[in-house]
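A.B. asks: Have a look at this one.
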Amino acid sequence: IEVAHRLMQVCGQVFRFAVATGRAERNPTPDLRGALIPVRHSHYAALDGKELPEFIRNLDGDKAQLAPSTRNALRLLMLTFVRTSELIGARWSEIDFETKQWIIPAERMKMRKPHIVPLSRQAITLLQEQKEIAHTSALVFPNRIHPRKSMSNNTILKALDLMGYKGRMTGHGFRALAMSTIKERLDYRHEVIDRQLAHAPKSKVDKAYDRAQFLDERKRMMQDWANYLDAAASEGKVLVGKFGKK
């Protein structure tokens, strides 16, 4: 349905150009507007913060018997809450182990701006383990069947389905989960979390914040978030009260 609406817009552009250049008498696409079913946008499925300890236990327990690379992809998605496309397309050339940063180039970002992802100690350890699995591949998460291609987005969704979270969690859902939990439990400002999520600025105030990198604060936040996940996993419950940030 969404594709049909996009195609109608493209056809409208073609016909408007045709009318302007004498190639057509009218643009017929407005006649179809009432004929197309409206696009209904819905939020990506995401777990509630209360379900986080159980999810981590299920992932670490590996009852679904996931491939090690797939488990690492889910863990890194949880630690960094990048978009799924940004994760599966990651290349080793983007990872700086010395500065503990993952710099995603502009061409791979939704907003077409380079994005810095500070890497926690846990993320660095995970990436070092993944490097052993990826061997000589330039990709962090190569496709198991076609190693020159990256892991498929369906691999992430299938893994979540096998874990019993079909319809309840998606790769994109880690972003919503991280934002709500970090605000509620770690007490970081909205604009700092929003900058880490690489959201598009919605107002002049947001654009002013967007120019500020908040990099030092984001580094602390990402380490606090990784520590929170470890603590939630070890205690097996949602941690009560504020956590991490002093």
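A.B. asks: What spacing in nm lies between the two simple spin-label points modelled at residue 60 and residue 8, each 7 Å away from Cα in the Cβ direction?
C.D. replies: The two pseudo-label positions are separated by 5.1 nm.
A.B. asks: Go ahead and estimate [θ] at 222 nm for the chain from helices alone: -39,500 (n - 2.57) per DSSP H run with n ≥ 4, summed, over the residue count, rounded to 500.
C.D. replies: Roughly -14500 deg cm²/dmol at 222 nm, from the helical runs in the chain.
A.B. asks: Using a cut-off of 15 Å between beta-carbons, work out the net charge of the residues near residue 72 (Lys and Arg +1, Asp and Glu -1, residue 72 not included).
C.D. replies: Around residue 72, the charge tally is 0.
A.B. asks: Next question, about the same structure. Which of the three applies to the chain, rounded, prolate or oblate, going by the alpha-carbon gyration tensor with a ≥ b ≥ c and a/c under 1.5 meaning rounded?
C.D. replies: prolate
A.B. asks: Another one. Quick check: the angle from helix 153-162's long axis to the longest principal axis of the chain, C-alpha only, nearest 10 degrees?
C.D. replies: Computed tilt is about 50 degrees.
A.B. asks: On to the next question. How charged is the neighbourhood of residue 62? Take every other residue with its Cβ under 13 Å from the Cβ of residue 62, and add Lys/Arg as +1 and Asp/Glu as -1.
C.D. replies: After counting each charged neighbour, the total is +3.
A.B. asks: Of 91, 121, 195, which has the most accessible area with a 1.4 Å probe, and how do the rest follow in descending order?
C.D. replies: 121, 91, 195
A.B. asks: In what sequence, largest accessible area first, do 183, 149, 166 appear using a 1.4 Å probe?
C.D. replies: Values: 183 85, 149 125, 166 150 Å².
Reading off the accessible areas and sorting them downward yields 166, 149, 183.
A.B. asks: For the chain, find the longest principal axis of its Cα atoms and tell me its angle to the long axis of helix 2-20, 0 to 90°, nearest 10.
C.D. replies: 40
A.B. asks: What shape does segment 75-170 have by the C-alpha gyration tensor, where a ≥ b ≥ c are the square roots of the eigenvalues, rounded means a/c under 1.5, and otherwise prolate means a/b greater than b/c and oblate the rest?
C.D. replies: rounded
A.B. asks: If you don't mind, there's one more thing I want to ask. Using only Cα atoms, tell me the angle between helix 52-61 and the longest principal axis of the chain; keep it within 0 to 90° and round to the nearest 10.
C.D. replies: It is inclined by approximately 70 degrees.
A.B. asks: Further question on the same structure: Before anything else, pin down the relative contact order of the chain: Cα pairs under 8 Å, at least 6 apart, normalised by residue count, whole percent.
C.D. replies: For the chain, the relative contact order is 23 percent.
A.B. asks: Setting aside same-chain residues fewer than 8 positions from residue 63, which aspartates and glutamates have a Cα under 13 Å from its Cα?
C.D. replies: 54, 161
The values are calculated or read from the model by the stated rules, or taken from the named source; none is laboratory data. Note that this is a predicted model, so its numbers are computed, not measured. Note that each Cβ is placed from the backbone with ideal geometry, even for glycine, and that neighbours are counted across all protein chains shown. Ligands, DNA and RNA are stripped out before the accessible areas are found, and what is left, the full protein with its side chains, is counted by its heavy atoms. Shrake-Rupley method; radii C 1.70, N 1.55, O 1.52, S 1.80 Å.
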